[in-house]
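K.L.:
First the structure, then my questions, so here it is.
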């Protein structure tokens, strides 16, 4: 096979996409509001990709991703990712993130500390916001210091970290900021009397 291929596939949360090349998987796209938007995002990121028949390693990846999105305990660490062209720092962040077990979370600060760069919290967050391998590199398992389940990476489509963590059974202890949390802080109770 020469060049890149892509396909879309059904999951419990909608039609996802996956792109691959000669050296492994190059990207995963969670569902957008409509399938045409999912395809469009894949083609914007990988303009040389063509819709091709799925090779065996891609079928295995699709099977694993679909199982995880159904809530099954599935391991994806054996899938080959093509990280060529990605910054070395991002590759190290993705390797550490990929090692986070299903049902567990870490903070951006904990990942930075594991890298030996505790001052690089913002850089870790930036690397994860650019994660091309959503689900396979489970960036949804990395939260801010308050434990808030914020937005997914660019490839997260319309799905939130909170929803993915809930599917994995890790919803306990996960907070979610809403507009009301930001604009309307809870006032302390007034003394009665």
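K.L.:
Hey, any hits in region 59-78 for a residue that's out of contact with any helix residue (DSSP H, G or I) (no Cβ under 9 Å at 6 or more places or on another chain) and more than 26 Å from residue 101 (Cβ to Cβ)?
P.N.:
Checked against the condition, which is being out of contact with any helix residue (DSSP H, G or I) (no Cβ under 9 Å at 6 or more places or on another chain) and more than 26 Å from residue 101 (Cβ to Cβ), region 59-78 yields no hits at all.
K.L.:
Examine region 54-61 for a residue that is under 15 Å from the mean Cα position of the chain (by Cα) and at pLDDT 90 or above, and state whether such a residue exists.
P.N.:
Yes, because at least one residue in region 54-61 is under 15 Å from the mean Cα position of the chain (by Cα) and at pLDDT 90 or above.
K.L.:
If we scan region 174-187, do we find a residue that is at pLDDT 80 or above, surrounded by fewer than 18 Cβ atoms within 10 Å (Cβ to Cβ), over 19 Å from the mean Cα position of the chain (by Cα) and over 24 Å from residue 42 (Cβ atoms)?
P.N.:
Within region 174-187, not a single residue is at pLDDT 80 or above, surrounded by fewer than 18 Cβ atoms within 10 Å (Cβ to Cβ), over 19 Å from the mean Cα position of the chain (by Cα) and over 24 Å from residue 42 (Cβ atoms).
K.L.:
Return yes or no: is residue 157 touching a strand residue (DSSP E or B) at 6+ places or on another chain (Cβ under 8 Å), within 27 Å of residue 8 (Cα to Cα) and either in the same structural domain as residue 26 (by TED's automatic domain parsing) or at pLDDT below 80 (or both)? Let's see the steps before the verdict.
P.N.:
On the way: touching a strand residue (DSSP E or B) at 6+ places or on another chain (Cβ under 8 Å): yes; within 27 Å of residue 8 (Cα to Cα): yes; either in the same structural domain as residue 26 (by TED's automatic domain parsing) or at pLDDT below 80 (or both): yes.
So residue 157 fits the description; yes.
The values are calculated or read from the model by the stated rules, or taken from the named source; none is laboratory data. Remember, it's a predicted structure, so these values are computed and weren't measured experimentally. Methodologically, a virtual Cβ is constructed for each residue, glycine included, from the backbone with ideal geometry; neighbour enumeration extends over all protein chains shown.
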